[in-house]
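Notes to accompany the following structure.
A short reminder: the numbers here are calculations on the coordinates, not readings from a lab. The model shown is predicted, which means the values in this text are computed figures rather than measured ones. Ideal geometry is used to build each Cβ from the backbone, glycine not excepted, and the neighbour counts take in all protein chains shown.
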Amino acid sequence: DKGLEKSRGSIFDKITKAVAGKSKVDDDVLDNLEEILVTSDVGVETTLKIIDRIEARVEKDKYVDAQELNQILHEEIASLLDENKSEDVDGFSIPEGIEGPYVMLVVGVNGVGKTTTIGKLSAKFKAKGYKVVLGAADTFRAAAVDQLKLWGERTGVEVVAKGMNVDPSSVAFEAVKKGVDSNADIIIVDTAGRLHNKVNLMNELSKIKRSMQKVAPGVPHDVILVLDGSTGQNAQNQAREFMKATEVSGLAITKLDGTAKGGVVIGISDEFKIPVKYIGVGEGVDHLQAFRKMEFVESLFG
Ligand code: GDP
């Protein structure tokens, strides 16, 4: 199983080194720990928060060895994720109480894995017996529409597309209409994420939402922001920009198979208080996982 194992062990190995030959957790150890977390892309503010908590805990215990320090770090990270509601969700079921199709809008900068994530999502939903309709509203990037169509063929899911350079909001409208008319369970709409013009991005996303709401008031139910986990702090910066442009209800963090820096998930979850819902761990259709807090924390430490 291709998974998160690339990051496995790295933090624990470093902690072991940091406490080697030490008889207690002193400032030196804490400084080292701080560096370990920052270089694991946890982010400075979140790292300082974690270090404060660890300092308070070892204050009482005085001596802790690598194993204990590892355990404490484990617990603090898990509790941080809890506070930010990144707890286990069944990301592949429709929440209860939804009238009509469940509508997801997927946003994110080009190249982060948006289309791939939508493809993987449709396969998961389809496997659960849901009827899925995809909307190819990323009409800006040359290959995006074709790529989504390909995923649709591969997963046996209908794709509503009108080609390139068409107004994305008209595609989003058609996709929701198609989904409602054909009694679909889930509609997933892809979008273009051109961050270089924030006002445009905001306007475009609002327009897309408004056009979807003309068909089904109250949609989208979910706005998923896709971030490339291998880009570390850059992903965190992108998240910051997108939050200004639109409301985001959940995160999908991709490419965690190729990085030892899964720490970015902790920093992002802590800064934005938005649950991490999905994790991408490869290019294949099966390489999408619903976020599992403890599994994730384990994978960071080994
Ligand atoms: P988009 O521009 O955001 O729609 O990005 P794409 O879906 O086209 O993905 C960009 C590249 O990232 C493609 O080569 C994907 O196969 C790859 N990719 C997407 N998700 C993952 C992942 O979780 N792990 C890895 N290793 N590659 C991924």
Once amide hydrogens are built 1.01 Å from N within the peptide plane, the residues lying 5 or more places from VAL103 or on another chain with amide H under 5 Å from its amide H are ILE187, HIS221, ASP222
10 Å binning of all Cα-Cα separations within segment 137-196, expressed as whole percents from 0 upward
24, 54, 20, 2
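Over the alpha-carbon set of segment 128-168, divide Rg by the Kirkwood Rh and report the Rg/Rh ratio to two decimals.
Working: Rg = 10.5 Å, Rh = 10.4 Å.
With Rg and the Kirkwood Rh in hand, the quotient comes to 1.01.
Once you have the Cα-Cα distance between ALA143 and ARG292, take 0.36 nm times their residue separation minus that, and quote the gain in nm to one decimal. Spell out each step's value before the answer.
Working: separation 149, 0.36 × 149 = 53.64 nm, distance 3.23 nm.
Between ALA143 and ARG292, full extension yields 50.4 nm more.
About its Cα centre, what dipole magnitude does segment 168-222 give when the only charges are +1 on Lys and Arg Cβ and -1 on Asp and Glu Cβ, stated in debye to the nearest 20? Can you show the working numbers first?
Working: 8 positive and 6 negative charges, 62 e Å.
Its charge dipole is roughly 300 debye.
Using the Cα centre of the chain as the reference point, and only Cβ charges (+1 on K/R, -1 on D/E), how large is the resulting charge dipole? Debye, rounded to the nearest 20.
On the way: 39 positive and 47 negative charges, 261 e Å.
Here the size comes out at about 1260 debye.
So how much slack lies between GLU241 and GLN213, counting 0.36 nm per residue of separation and subtracting their Cα-Cα distance, in nm? Please list the in-between numbers first.
Working: separation 28, 0.36 × 28 = 10.08 nm, distance 2.40 nm.
Gain in length upon complete extension: 7.7 nm.
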Anyone know which of VAL44, VAL264, VAL281 comes out most mobile in the 10 Å Cα GNM of the chain?
VAL44
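If r is the Cβ-Cβ distance from SER79 to ALA20 and R0 is 35 Å, what FRET efficiency results, to the nearest 0.05?
The value I calculate is 0.85.
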log10 of Debye I(q)/I(0), alpha-carbon scatterers only, for segment 182-302 at 0.09, 0.11, 0.13, 0.18 Å⁻¹:
-0.28, -0.41, -0.57, -1.01
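With a cut-off of 8 Å between alpha carbons and a minimum separation of six or more residues, what is the relative contact order of the chain in percent?
Details: 590 pairs, mean separation 85.6, N = 302.
That works out to 28 percent.
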So if each residue of separation counts as 0.36 nm, and I subtract the Cα-Cα distance between SER182 and GLU96, what length gain in nm does that give?
28.9 nm
Diagonalise the Cα gyration tensor of segment 53-189 and give the resulting equivalent ellipsoid semi-axes, square root of 5 times each eigenvalue, largest first, whole Å.
42, 18, 13
Given bins 10 angstrom wide, list per bin the percent of all Cα-Cα distances in the chain, short to long.
6, 28, 31, 19, 10, 5, 1
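For segment 160-302, what does the relative contact order come out to in percent, with C-alpha contacts under 8 Å and a separation of six or more?
Numbers: 179 pairs, mean separation 24.3, N = 143.
Computed over segment 160-302, the figure is 17 percent.
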Projected onto the charge dipole of segment 152-284 (+1 at Lys/Arg Cβ, -1 at Asp/Glu Cβ, origin at the Cα centre), which of GLY229, ASN203, ILE253 gives the Cα projection farthest towards the positive end?
ASN203
Would you work out the charge dipole size for segment 79-160 about its Cα centre, treating the Cβ of every Lys and Arg as +1 and the Cβ of every Asp and Glu as -1, and quote it to the nearest 20 debye?
460
Equivalent ellipsoid semi-axes - Cα gyration tensor, segment 232-280, angstrom
18, 11, 9
Can you tell which of ILE54, VAL176, GLY218 lies farthest toward the positive end of the dipole of the chain, using +1 and -1 charges on the Cβ of basic and acidic side chains (Lys, Arg; Asp, Glu)?
VAL176
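Starting from the Kirkwood Rh over alpha-carbon pairs, what translational D in µm² s⁻¹ does segment 213-257 have by Stokes-Einstein at 25 °C and 0.890 mPa s?
Numbers: Rh = 11.7 Å.
The Stokes-Einstein estimate is 211 µm²/s.
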